[in-house]
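Just so you know, all these numbers are worked out from the coordinates, no wet-lab data involved. Since this is a predicted model, take the numbers as computed values, not measurements. A quick note on method: Cβ atoms are made from the backbone with ideal geometry, for glycine too, and the neighbour counts reach across all protein chains shown.
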Amino acid sequence: METPGDLKFAESHEWARLNDDGTVSVGISHHAQEQLGDLVFVEVPEVDATVKAEDAIAVVESVKAASDIYAPVAGTVVAINEALADSPELINDSPFEDGWIFTLQPDNKDDLDSMMAAADYDSMVENE
Amino acid sequence: MSDSLKTPFYDKHISSGGKLVDFAGWTLPIHYGSLVEEHEAVRRDAGMFDVSHMTLMDVTGEQSIQQLSLLCTNDIAKLTDNTALYGCLCNERGGVVDDLIIYRINDTHFRVISNAGTRDKVLAWFASHHVESLNAVPAGELAMLAVQGPNAVALVQGVSERVFGEAFDISSLPNFGCVLTRSGFVGRTGYTGEDGVELVVPKDKASMAWDALVDAGVRPCGLGARDTLRLEAAMSLYGNDLDDEHSPVECGVGWTVDLRDENRAFIGRKVLEDQKQNGSKFVRIGVELIDRGVLRAGQTVSIGEKSVGVITSGTYSPTLQRTIALARIEREMAPAINDQNSRLSVDIRNKPVAAVRVGLPFLRNT
């Protein structure tokens with residue numbers, strides 16, 4: 001699966017997409033979902049929650065293990081992907097689109113600049 | 001993983017796309033792409049697991065029966081030639097040293113298969129309890145596959161000449177039956193709750209046996225599916241559900257403690273007999289989550305505010321599509337848990353999540 005070039009990445013394998021309305025959607029990479037295997041449960045943050053960068057605010061659980069999802073930038077949670085409650089496998093099937101986990105209103109959208117570009121993320125994964 | 005031991009099937013795991021992990025000092029596949037698909041293959045058709053990390057030892061000689069019957073909770077005097085039983089080794093306090101399967105080849109030859117993680121402990125236990133003629137297959141030399149599922153026996157039978165180099169009558173083996181020949185060993189045993197066999201082939205035939213089974217349609221399965229399958233069948237995992245500090249009676253395998261022969265003074269008998277007659281401190285129950293989430297070992301089980309026990313194994317069940325777990329709880333709290341009105345909860349990441357007691361096994365297929 002090709003990594004979308006418009007996304008920014010964290011070392012902990014989250015992606016962030018700056019939407020047209022200034023919000024930031026967050027999910028996990030194709031590589032991350034592959035490592036986790038079949039996902040069976042996703043714990044999402046509460047809407048309106050205020051989060052700091054690198055706060056563990058969501059959890060994805062595969063059959064075998066639980067894994068924390070970190071907020072890539074500081075902000076306020078404005079939306080969660082409710083479809084994940086019944087269909088956590090959306091993250092396996094469509095990690096960069098239908099499998100988004102939550103959307104933040106960032107305190108400062110320039111914070112995204114400190115994240116990795118897609119190409120850099122790909123080379124990080126290759127060298128893992 | 002550089003110091004990790006490799007089984008004779010290591011190259012097959014690589015070529016089959018296995019995602020390798022370290023397990024009890026061994027490099028083994030957690031899955032080959034999808035744990036859930038592997039799990040389903042075993043429930044519906046046939047899958048195979050590399051179980052060459054297990055400890056296999058042969059106990060031989062005139063004293064075998066007497067020596068083993070003083071160590072195993074289950075009574076091997078019940079066995080006839082070519083049959084097996086499951087049991088525990090216990091310490092004087094009744095705690096479980098290991099769980100194992102003992103196969104009787106004949107009255108002077110017993111084959112014992114125990115866990116990988118307890119290898120040194122069990123070999124030392126046998127040696128210090130006068131099991132004299134003990135011959136364990138060296139780590140890395142054993143080539144053993146568990147082929148499991150409703151179609152497993154027929155598929156293995158179909159390729160038995162290719163696997164063993166001779167016709168092997170597997171289909172007529174009864175449950176817990178076994179056969180040993182010069183070319184291999186087959187036991188109708190397993191750890192999935194399905195019909196199936198565990199087979200040992202000579203190390204130099206390992207690749208050929210693997211290929212023959214794959215060609216026959218048997219799907220390679222990893223440790224992940226092995227765990228979800230055994231847990232659905234409520235089979236214990238040593239180190240999780242069984243340990244040195246708790247007895248078989250406390251861990252749901254009290255049925256392996258055979259007290260019928262009054263003269264059989266096996267290690268731990270006194271404690272276990274007392275627990276069976278007067279009750280043990282703990283009992284095992286099955287737990288199913290009502291709210292969403294996944295149960296994991298170590299989580300606390302409560303009634304209201306009161307902690308009553310701990311999850312020893314938990315997973316999402318691919319077959320039932322629910323979250324299931326084994327829990328060890330205080331026996332005196334068991335009546336309260338059985339009360340329909342009492343609310344059971346499990347602490348998941350510091351939040352109480354509603355759960356309910358359920359009967360065991362979670363799934364009964366055979």
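For every helix of n ≥ 4 consecutive DSSP H residues, a contribution of -39,500 (n - 2.57) applies; sum these over chain B, divide by its total residues, and give [θ] at 222 nm rounded to the nearest 500 deg cm²/dmol.
Numbers: 10 runs with 79 residues, N = 366.
Roughly -6000 deg cm²/dmol at 222 nm, from the helical runs in chain B.
Considering segment A:8-107, what Rg and Dmax in Å follow from its alpha-carbon atoms?
For segment A:8-107, the Cα radius of gyration and maximum Cα-Cα distance read 12.1, 37 Å.
Given charges of +1 on the Cβ of Lys and Arg and -1 on the Cβ of Asp and Glu, with all other atoms neutral, how large is the dipole of chain B about its Cα centre, in debye to the nearest 20?
On the way: 37 positive and 47 negative charges, 169 e Å.
Here chain B has a charge dipole of around 820 debye.
Over what distance in Å are the Cα centres of segment A:29-77 and segment B:134-192 separated?
Cα centroid of segment A:29-77 versus Cα centroid of segment B:134-192: 44 Å apart.
Calculate the dipole size of segment B:40-146 relative to its Cα centre from +1 charges on Lys and Arg beta carbons and -1 charges on Asp and Glu beta carbons; express the result in debye to the nearest 20.
Working: 8 positive and 14 negative charges, 46 e Å.
The dipole of segment B:40-146 has a size of about 220 debye.
Quick one: Cα centre-to-centre distance for segment B:23-58 and segment B:268-301, in angstrom?
26
At R0 = 56 Å, how high is the FRET efficiency between A:Asp113 and B:Lys281 if r is their beta carbon distance? Nearest 0.05 is fine.
Numbers: r = 59 Å, r/R0 = 1.05.
Between A:Asp113 and B:Lys281 the formula returns 0.45.
Can you give me the distance in nm between label points at B:Glu62 and B:Asp215, each placed 7 Å from the Cα along the Cα-to-Cβ direction?
4.8
Starting from the Cα of B:Asp243, step 7 Å toward the Cβ, then list every residue of segment B:285-300 with an amide N under 18 Å from that point.
Of the residues in segment B:285-300, B:285, B:296-300 have backbone N under 18 Å from the label point off B:Asp243.
Quick check: residue separation of B:Asn338 and B:Asn175 times 0.36 nm, minus the Cα distance between them. What number comes out in nm?
Working: separation 163, 0.36 × 163 = 58.68 nm, distance 3.35 nm.
Answer, rounded to one decimal: 55.3 nm.
In the structure shown, do any of A:Lys64/B:Lys203; A:Lys8/A:Lys109; A:Lys8/B:Lys351; B:Lys6/B:Lys121; A:Lys64/B:Lys351 have a Cα-Cα gap over 22 Å, and if so which? Present the calculation step by step, with values, prior to reporting the outcome.
Numbers: A:Lys64/B:Lys203 31 Å; A:Lys8/A:Lys109 12 Å; A:Lys8/B:Lys351 32 Å; B:Lys6/B:Lys121 20 Å; A:Lys64/B:Lys351 20 Å.
As for pairs spanning more than 22 Å Cα to Cα, those are A:Lys64/B:Lys203; A:Lys8/B:Lys351.
In whole angstrom, how long is each semi-axis of the equivalent ellipsoid of the protein assembly as shown, when you take the square root of 5 times every eigenvalue of its Cα gyration tensor and sort them from largest down?
Working: eigenvalues 399, 168, 65 Å².
Values for the protein assembly as shown, descending: 45, 29, 18 Å.
Given A:Tyr70, B:Gly177, B:Gly359, which one lies farthest toward the positive end of the charge dipole of the protein assembly as shown, if we put +1 on the Cβ of every Lys and Arg and -1 on the Cβ of every Asp and Glu?
Result: B:Gly177.
Segment B:128-169: which GluC sites (Glu not before Pro) are DSSP loop and have at most 15 other beta-carbon atoms within 10 angstrom? Spell out each step's value before the answer.
Numbers: sites: B:Glu132, B:Glu141, B:Glu161, B:Glu166; in loops: B:Glu132, B:Glu141, B:Glu166.
Passing sites in segment B:128-169 are B:Glu132, B:Glu141, B:Glu166.
Simple spin-label model, 7 Å along Cα-to-Cβ: B:Asn365 to B:Thr108 in nm?
4.1
Peptide A:33-44: average number of partner chain Cβ atoms within 10 Å per residue? Walk me through the numbers on the way to the answer.
Numbers: counts 0, 2, 1, 0, 9, 10, 1, 11, 7, 1, 6, 0.
Per residue, the number of nearby Cβ atoms from other chains is 4 on average.
Using only DSSP helix segments of four residues or longer, with each worth -39500 (n - 2.57), what per-residue ellipticity at 222 nm results for chain A after dividing by its residue count and rounding to 500? Present the calculation step by step, with values, prior to reporting the outcome.
Working: 4 runs with 24 residues, N = 128.
For chain A, the value works out to -4000 deg cm²/dmol.
Give me a single rounded figure for B:293-303: the average over its residues of other chain Cβ atoms within 10 Å of their Cβ.
Per residue, the number of nearby Cβ atoms from other chains is 2 on average.
Rounded to the nearest 20 debye, what is the charge dipole size of the protein assembly as shown about its Cα centre when +1 sits on each Lys and Arg Cβ and -1 on each Asp and Glu Cβ?
Details: 42 positive and 76 negative charges, 469 e Å.
With only Lys, Arg, Asp and Glu charged at Cβ, the dipole is about 2260 debye.
Among A:Asp20, A:Asp110, A:Asp38, whose mean-square fluctuation peaks in a Gaussian network model of chain A (Cα, cutoff 10 Å)?
Per the Cα network of chain A with a 10 Å cutoff, A:Asp20 tops the list.
For segment B:1-146, taking Cα atoms only, what is the radius of gyration to one decimal and the Dmax to the nearest whole Å?
Here Rg and the maximum Cα pair distance are 17.0, 48 Å.
Mind pulling the per residue volume of the convex hull built on the Cα atoms of segment B:281-366? Å³ is fine. Each step should come with its number before you reach the end.
Details: hull volume 8.0 nm³, N = 86.
Dividing the Cα hull volume of segment B:281-366 by its residues yields 93 Å³.
Length gain on complete extension for the stretch B:Ser307 to B:Glu166, per 0.36 nm per residue less the alpha carbon to alpha carbon distance?
Numbers: separation 141, 0.36 × 141 = 50.76 nm, distance 5.74 nm.
Once the chain is fully extended between B:Ser307 and B:Glu166, it gains 45.0 nm.
Using per-residue counts of other Cβ atoms within 10 Å, averaged over each peptide, order B:318-329, B:119-130 from highest down. Don't skip to the end; give the middle numbers.
Values: B:318-329: 21.4, B:119-130: 14.7.
My ranking of the peptides, most packed first, is B:318-329, B:119-130.
What is the spread of the Cα atoms of segment B:1-52 along each of their three principal axes, largest first, in whole Å?
36, 21, 17
Write down the radius of gyration of segment B:98-138 and its Dmax, each obtained from C-alpha positions, in Å.
10.3, 29
Report the label-to-label distance for B:Ala77 and B:Ser4 in nanometres (one decimal), using points 7 Å from each Cα along the Cα→Cβ vector.
4.5
Largest first and to the nearest Å, give the Cα extent of chain B along each principal axis.
Principal extents (Cα only, largest first): 61, 51, 41 Å.
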